[in-house]
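Colleague: Here's a structure for you.
No value in this document is a laboratory result; all are computed from the given coordinates. None of these values were measured; they are calculated from a predicted model. No Cβ is skipped: glycine too gets one built from the backbone with ideal geometry, and neighbour counts run over all protein chains shown.
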Amino acid sequence: MEPDDIRRVLVVGAGTMGQQIALQCAIHGLDVTLHDVDERALAAARSALDATIARVRAKEPVLAEHLAAGAARLACTADAAEAAADSDLVSESVPEDPELKGRVFAELDRLCPGRTLFTTNTSSLVPSMFAAATGRPDRFAALHFHQPVWSATVVDVMPHPGTSEATMEVLVRFAQRIGQTPIRLAKESPGYVFNAMYNALNREAITLAANGVASVEEVDKAWTTVTKMPLGPFGMLDVVGLDTVFYITDYWAKVTGDPQLTTNAAWLKAFVDAGRLGMKSGRGFYDYSAAHGE
């Protein structure tokens, strides 16, 4: 398969990253299907995409028009067989659970054409954890995006030991085709490149707050004052989504038995249980209700 042979993209998982990956592919002229088993998640995704376009239109009208044109090429469905039919490439963005990802890919292997390339957008796992479940490990790799996809244009292309060179070449060139800057990794490494550095920052910031050393606001103030960045670690985590942050932290706490990660996961869970998921819910570490019209 050549990059130009990829015409139909299936994005699995209608969360924030799935929405943005789907829209980015659609902006660049591809036919895209966004699939989620939850009809409510698909409806929320459509509303979120409309809200994104509206926000961008106020600041960058030209970009907003591109986003709107892309959204018109984006279909949503909860029907897995319909979603998989005639797909050339799959981008998976389901929650950070290797068993769940394995089940999703096993089903897709049954439903997708034999030519379809499989990719995972996992942010903390490595593809070898569920490569066998894909049924096509040679045509499977990590294709990891950053958000917002249309401006934070780095995408990590990471193989597992069974990924073919041909697959890597196609994915690197595909990333370029959809306006991304591919970072090709030579081997598996948790967190890829940027996230490996970013995750270390997040762990330390959460540890400071979870251990009662400093408040969320004070931690962010220290970071923004010294670096002159507009957001601190917790402001940035509100953009990521606190449910995602919790799932990652909780997973690695259980895998490693690290007592500090266990403490951090419990601290994050209180926010998630309260529905404080970050910007997408209107409130996380900070209050975004005004932006949601509340």
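Colleague: Can you tally the net charge around residue 163? Count Lys and Arg as +1, Asp and Glu as -1, for every other residue whose Cβ sits under 14 Å from the Cβ of residue 163. Present the calculation step by step, with values, prior to reporting the outcome.
Modeller: Numbers: positive: 136, 139, 184, 187; negative: 138, 156, 165, 169, 188.
Residues near residue 163 contribute -1 overall.
Colleague: A further question follows. Rounded if a/c is under 1.5, else prolate if a/b is larger than b/c, else oblate: which is region 201-294, with a ≥ b ≥ c the root eigenvalues of its Cα gyration tensor? Show your work: numbers first, answer last.
Modeller: Details: a/c = 2.11, a/b = 1.22, b/c = 1.72.
Because a/c hits 1.5 or more and a/b fails to exceed b/c, region 201-294 counts as oblate.
Colleague: Contact order normalised by length for region 3-184, with contacts defined as Cα pairs under 8 Å and 6 or more residues apart; what percent is it? Write down the numbers at each step before the final one.
Modeller: On the way: 349 pairs, mean separation 38.7, N = 182.
Rounded, it is 21 percent for region 3-184.
Colleague: To the nearest 20 Debye, how big is the dipole of the chain about its Cα centre, given +1 on the beta carbon of each Lys and Arg and -1 on that of each Asp and Glu? Could the numbers behind the result be given before it?
Modeller: Values: 26 positive and 36 negative charges, 85 e Å.
Here the size comes out at about 400 debye.
Colleague: Under the classification rounded if a/c is under 1.5, otherwise prolate if a/b is larger than b/c and oblate if not, where does region 1-98 fall, given a ≥ b ≥ c as square roots of the Cα gyration tensor eigenvalues?
Modeller: On the way: a/c = 1.98, a/b = 1.25, b/c = 1.58.
The shape class here is oblate.
Colleague: Distance from the Cα centre of region 64-122 to that of region 196-265, in angstrom?
Modeller: Computed from Cα coordinates, the inter-centre distance equals 30 Å.
Colleague: What does DSSP give for the chain in terms of the percent of beta bridges that are antiparallel, rounded to the nearest 5? Walk me through the intermediate numbers first.
Modeller: Numbers: 6 of 30 bridges.
Here the antiparallel bridges make up roughly 20 percent for the chain.
Colleague: Let me ask something additional. Run lengths n ≥ 4 of DSSP H only: what is the helix-derived mean residue ellipticity at 222 nm for the chain, with -39500 (n - 2.57) per run over all residues, to the nearest 500?
Modeller: Details: 11 runs with 144 residues, N = 294.
The per-residue figure over the chain is -15500 deg cm²/dmol.
Colleague: Working from Cα positions, state the angle (0 to 90°, nearest 10) between the long axis of helix 98-111 and the longest principal axis of the chain.
Modeller: Result, in degrees: 20.
Colleague: So how far apart, in nm, are the two label points at residue 177 and residue 57 if each is 7 Å from Cα heading toward Cβ?
Modeller: 3.1 nm
Colleague: Quick one: the Cα spread of region 15-55 along its three principal axes, in angstroms, biggest first?
Modeller: For region 15-55, the Cα extents along the three principal axes come out at 27, 24, 14 Å.
Colleague: Relative to the longest principal axis of the chain, what angle (0 to 90°, nearest 10) does the C-alpha long axis of helix 242-256 take?
Modeller: 90 degrees
Colleague: Could I ask something else about it? Using Cα atoms only, what is the angle between the long axis of helix 39-59 and the major principal axis of the chain, expressed in degrees (0 to 90) to the nearest 10?
Modeller: 70 degrees
Colleague: Of the chain, which part is the longest with no trypsin sites (Lys or Arg not before Pro) in a loop (DSSP not H, G, I, E, B) and with at most 11 other C-beta atoms within 10 angstrom?
Modeller: Numbers: sites that count: 187, 228.
Result, exposed sites excluded: 1-186.
Colleague: Something else about it: Using only the alpha-carbon atoms of region 3-184, report the extent along each of the three principal axes, biggest first, to the nearest angstrom.
Modeller: Largest to smallest, the principal-axis extents are 46, 33, 29 Å.
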